[in-house]
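Below: one structure, written as structure tokens.
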Amino acid sequence: MYAVEMQDIYKNYGETPALKGAKLRVNPGEIHAILGENGAGKTTLMKILYGMTSLNSGSIKLNGKETKISNTHEAISMGIGMVHQHFMLADVFNVIENIVVGAEPLKGMFIDKSVYEKSVKELTDRLNFKLDFYKKVEDLSVGQKQRVEITKALYRGAKILILDEPTAVLTPTEVDEFFAMLKVLKSEGKSIILITHKLHEIMQVADKVTVMRDGEFIDEKESKDMNEEKLAKLMVGRDVELGRVSPPEDCNEKHFEIKNLSLKNNEGVELKDINLTVHKNEILGIAGVDGNGQTELIEAITGLIKADSMNIFLNGKEISGTADNFIEAKIGHIPEDRNKRGLVGEMSVSENLILGYHKKDNYQKKGIFKSKEIEKNANDLISKFMIKTSGTGAEVSSLSGGNAQKVIIGRVFSQSPEIVIAAQPTRGVDISAAEYIHNQMLDLKKSSKGVLLISADLNEVRKLSDRIAVIFEGKIVDVRRSDNYTEAELGMLMVSGRIKNGGEKIEA
């Protein structure tokens with residue numbers, strides 16, 4: 001008897017089919033991964049299970065009993081919990097308030113604090129979660145916030161736990177701790193449903209995997225019978241390049257230089273005398289745990305914020321001013337948060353494809369937009385960059401994550417940039433879209449240009465970069481050829497600024 005059995009699930013959004021006879025079967029005490037490209041229907045299927053959206057037809061059984069789930073309250077009451085990729089926490093509340101809010105035990109008319117403190121402590125001790133119950137959520141690391149979300153779901157009695165891209169922003173150490181926690185839950189008989197794009201994680205932790213494509217069920221496999229190449233081919237329908245595309249190169253001709261970059265913002269984030277050089281024909285990767293100054297570094301070198309001190313040179317010419325000046329100088333920018341910095345959801349695909357470049361003569365004359373040229377540009381880029389959309393006039397918010405990211409990639413790379421600042425370029429996109437984005441960066445590198453790659457995905461940094469710089473607490477602590485690092489050394493530098501057997505932080 002399955003803990004979860006979903007059969008012949010159909011779901012349409014208007015006339016667009018999102019799920020076409022999808023199915024899922026999960027055993028008790030099983031870690032079950034759902035794999036598929038962006039837009040394959042993975043999250044839609046899980047939103048149906050969690051009561052966030054309704055199905056058009058099909059059946060859901062929990063522990064052999066057919067049931068209907070109309071909303072999230074019903075799902076929670078049935079023992080289903082979901083931790084979303086973007087956490088649903090109240091930053092101004094402390095940890096324990098976020099965990100128990102809406103499910104506080106009562107003693108008479110009053111909340112019984114001692115009961116919920118005891119219950120939450122027992123839960124976090126069992127999972128080896130180190131959480132300060134009275135620390136505000138806004139002061140937590142990403143990994144700690146995730147633990148709060150998981151504890152919150154389990155406190156409410158979740159026996160079936162859905163995790164959407166749970167390792168997207170975790171450090172290697174946090175990923176190991178996360179997998180250890182999953183194994184504890186599995187030993188307790190909990191069913192874990194894992195949505196992830198990371199094939200090596202499926203091989204490492206999942207018992208079974210369900211593969212989806214274009215809203216349909218493709219296959220269900222035991223992980224032990226698969227490898228990453230077989231999984232990728234099932235997901236995409238063709239062979240996919242998974243390894244390093246080319247060996248790291250020694251590049252000597254300076255292309256893009258950052259000198260003496262220092263700043264301190266109102267939130268207390270500080271960058272300390274950063275000096276970096278991207279050479280022609282080079283991808284320079286920056287590895288670091290989120291929150292160590294990457295955002296401020298990106299925004300300073302793209303003209304979005306003003307540093308306390310900084311000199312930037314492109315091909316020997318100093319660049320300064322606002323973001324418009326940096327764009328004019330052919331500095332391309334793939335922002336780390338595409339929805340906040342890269343796209344306007346209510347605007348059309350064609351409008352988003354010129355965003356930031358809309359003042360160019362190609363697209364306007366004396367403030368009047370050239371509609372035909374903008375439409376032609378959109379059609380050309382949709383074709384060239386394989387953007388799946390219902391049309392140029394579709395709101396960009398209607399696109400899947402991978403296709404929304406392709407809008408940004410198409411916009412930036414179509415403008416013949418000299419250097420691209422690529423921040424989390426494949427966050428939340430599937431392996432096929434990631435492969436495409438990686439190839440765009442590699443093609444730019446081969447054309448005597450450069451890429452500064454900032455990513456929390458260590459595999460991505462190691463796969464693409466010729467050299468890697470590690471950032472810790474706002475400072476570059478080491479720079480080497482990528483093949484001169486082990487994964488353990490990189491992880492240690494990212495979390496402590498030190499190599500394990502060294503005493504002092506390493507100066508770049």
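The values are calculated or read from the model by the stated rules, or taken from the named source; none is laboratory data. Here the structure is a predicted model, which means the values were calculated and not measured. Counting neighbours? That spans all protein chains shown, and the Cβs are built from the backbone with ideal geometry, glycine included. These area figures cover heavy atoms from the full protein model, side chains too; ligands, DNA and RNA do not enter into them. Shrake-Rupley method; radii C 1.70, N 1.55, O 1.52, S 1.80 Å.
Worth a mention:
- The one condition in (1) part of a helix (DSSP H, G or I); (2) closer than 27 Å to Glu97 by Cβ; (3) open to solvent by less than 10 Å² (accessible area, probe 1.4 Å) that Leu163 fails to fulfil: (1)
- Those strands (runs of 3 or more DSSP E) of the stretch 396-502 in which at least 3 residues are under 30 Å from Gly41 (Cα atoms), within 16 Å of the chain's Cα centre (by Cα) and touching a residue at least 12 places away in the same chain (Cβ under 8 Å), considering only elements entirely within it, cover 450-455.
Let's see how each residue does on (1) modelled with pLDDT of 85 or more; (2) within 28 Å of the chain's Cα centre (by Cα):
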residue	(1), (2)
Ser57	yes, no
Ile96	yes, yes
Ile99	yes, yes
Lys121	yes, no
Leu127	no, yes
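- For the stretch 257-285, a residue qualifies if it is out of contact with any helix residue (DSSP H, G or I) (no Cβ under 7 Å at 6 or more places or on another chain) and under 23 Å from Leu490 (Cα atoms), and the qualifying residues are Glu270, Lys272, Asp273, Asn275, Leu276, Thr277, Val278, His279, Leu284.
- In the set Lys370, Lys360, Lys446, only one residue is open to solvent by 30 Å² or more (accessible area, probe 1.4 Å) and modelled with pLDDT of 90 or more; that residue is Lys446.
- If the condition is being outside any helix (DSSP H, G or I), of a type outside the set (A, V, I, L, M, F, W, C), touching a strand residue (DSSP E or B) at 6+ places or on another chain (Cβ under 9 Å) and open to solvent by less than 60 Å² (accessible area, probe 1.4 Å), then the stretch 181-234 contributes Lys190, Ser191, Thr196, His197, Asp207, Lys208, Thr210, Gly215, Asp219, Glu220.
- Qualifying residue in the stretch 302-324 (condition: touching a residue at least 60 places away in the same chain (Cβ under 8 Å), of a type outside the set (A, V, I, L, M) and in contact with a Leu (Cβ under 8 Å, 6 or more places away or on another chain)): no
- Filtering the stretch 195-243 to residues that are of a type in the set (Ser, Thr, Tyr) and more than 22 Å from His438 (Cα to Cα) leaves Thr210, Ser223.
- Exactly one residue out of Ala40, Ala33 is under 25 Å from Ser432 (Cβ atoms), open to solvent by less than 10 Å² (accessible area, probe 1.4 Å) and in a loop (DSSP other than H, G, I, E, B): that is Ala40.
- The criterion of being farther than 25 Å from Glu228 by Cα, part of a helix (DSSP H, G or I) and either without any contact (Cβ under 8 Å) to a residue 12 or more places away in the chain or of a type in the set (Ser, Thr, Tyr) (or both) does not hold for Lys360.
- Total residues in the stretch 208-254 satisfying the condition of being under 30 Å from Ser448 (Cα atoms) and modelled with pLDDT under 85: the figure is 14.
- Answer residue from the stretch 2-30, given it is closer than 23 Å to Leu163 by Cβ and assigned to a loop (DSSP other than H, G, I, E, B) and is farthest from the chain's Cα centre (by Cα) among those: Tyr2
- Here Glu257 clears all of (1) in contact (Cβ under 8 Å) with a residue 24 or more places away in the chain; (2) open to solvent by 40 Å² or more (accessible area, probe 1.4 Å); (3) of a type in the set (Asp, Glu) except the condition numbered (2).
- The number of residues in the stretch 166-177 being under 15 Å from Arg126 (Cα atoms) and either among the β-branched types (Val, Ile, Thr) or crowded, with 20+ Cβ neighbours inside 10 Å (or both) comes to 0.
- Taken over the stretch 333-351, the criterion of being closer than 27 Å to Asp290 by Cα, at pLDDT 90 or above and surrounded by 14 or more Cβ atoms within 10 Å (Cβ to Cβ) is satisfied by His333, Ile334, Pro335, Leu343.
- Residue in the stretch 141-150 that is open to solvent by less than 10 Å² (accessible area, probe 1.4 Å) and touching a Gly at 6+ places or on another chain (Cβ under 7 Å) present: no
- Among (1) closer than 29 Å to Glu487 by Cβ; (2) open to solvent by 50 Å² or more (accessible area, probe 1.4 Å); (3) assigned to a loop (DSSP other than H, G, I, E, B) - the single one Asn292 does not satisfy: (2)
- Met386, sole failed condition from (1) among the aliphatic types (A, V, I, L, M); (2) farther than 29 Å from Gly41 by Cα; (3) in a loop (DSSP other than H, G, I, E, B): (2)
- In the condition set (1) at positive phi; (2) of a type outside the set (D, E, K, R); (3) crowded, with 23+ Cβ neighbours inside 10 Å, Val451 is compliant with all but (1).
- Contact map, the stretch 49-64: residues that are under 16 Å from Leu24 (Cα atoms) paired with residues that are among the aromatic types (Phe, Trp, Tyr) and not in a strand (DSSP E or B), Cβ distance under 8 Å, separation 6+ or inter-chain. Pairs shown: Lys61/Tyr2; Asn63/Tyr2; Gly64/Tyr2.
- Within the option set Ile431, Ile437, being in contact with a Leu (Cβ under 9 Å, 6 or more places away or on another chain) and β-branched (Val, Ile, Thr) holds for one residue only, Ile431.
- Within the stretch 380-395, residues that are over 19 Å from Asp430 (Cβ atoms) and in contact (Cβ under 8 Å) with a residue 40 or more places away in the chain have Cβ atoms under 9 Å from residues that are charged (D, E, K, R) and assigned to a loop (DSSP other than H, G, I, E, B) in these pairs: Glu395/Glu346, counting only partners at least 6 apart in sequence or on another chain.
- Among (1) closer than 30 Å to Gly491 by Cβ; (2) among the acidic types (Asp, Glu); (3) surrounded by fewer than 17 Cβ atoms within 10 Å (Cβ to Cβ), the one test that Glu318 misses: (1)
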